[in-house]
Amino acid sequence: GYGAGYYDRSIERLRAMKTVHAVGVAYGVCEVAAVPYEAHDQRLDAIVTEQETIFASER
């Protein structure tokens, strides 16, 4: 997005200190097959929608 990597840097720092599970919240209608990413992007462990919970290990 347009957040200048703020959340990615925060998650990266937290993960360097301890185990952290990052969960995103979205509308199911926004689901896409693939998302572009950059080297600094942090992967979410799960995404919760009004329809389902998607775990990164499932994809």
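Explain nothing, just the number: relative contact order of the chain, from Cα pairs under 8 Å at least 6 residues apart, as a whole percent. Mind dumping the intermediate values first?
Numbers: 52 pairs, mean separation 20.0, N = 59.
Relative contact order comes out at 34 percent.
The fewest-to-most ranking of Thr53, Thr19 by surrounding Cβ atoms within 10 Å reads Thr19, Thr53.
Within the shell of other residues whose beta carbon sits under 13 angstrom from the beta carbon of Asp8, the net charge comes to +1, with Lys and Arg scored +1 and Asp and Glu -1. Distance between the modelled labels on Ser57 and Met17, one decimal in nanometres: 2.6 nm (7 Å Cα→Cβ projection).
For the chain, the longest principal axis of the alpha carbon atoms and the long axis of helix 6-17 meet at an angle near 60°. Taking other C-beta atoms within 10 Å as the exposure proxy, Asp41, Asp8 rank Asp41, Asp8 from fewest upward.
Suppose we flag chymotrypsin sites (Phe, Trp or Tyr not before Pro) only when DSSP calls them loop and at most 14 other Cβ atoms lie within 10 Å. Which is the longest uninterrupted stretch of the chain?
Details: sites that count: Tyr2, Tyr27, Tyr37.
The answer is 3-26.
Counting helices only, and only those DSSP H runs with n ≥ 4, report the 222 nm mean residue ellipticity of the chain as the sum of -39,500 (n - 2.57) divided by its residues, in deg cm²/dmol to the nearest 500. After summing the helix terms and dividing by the residues of the chain, the value is -6500 deg cm²/dmol.
No lab work stands behind these numbers, since they all come straight from the coordinates. A quick note: this is a predicted structure, and the numbers were derived from the prediction, not measured. Note: ideal-geometry Cβ built from the backbone for every residue, glycine included; neighbour counts use all protein chains shown.
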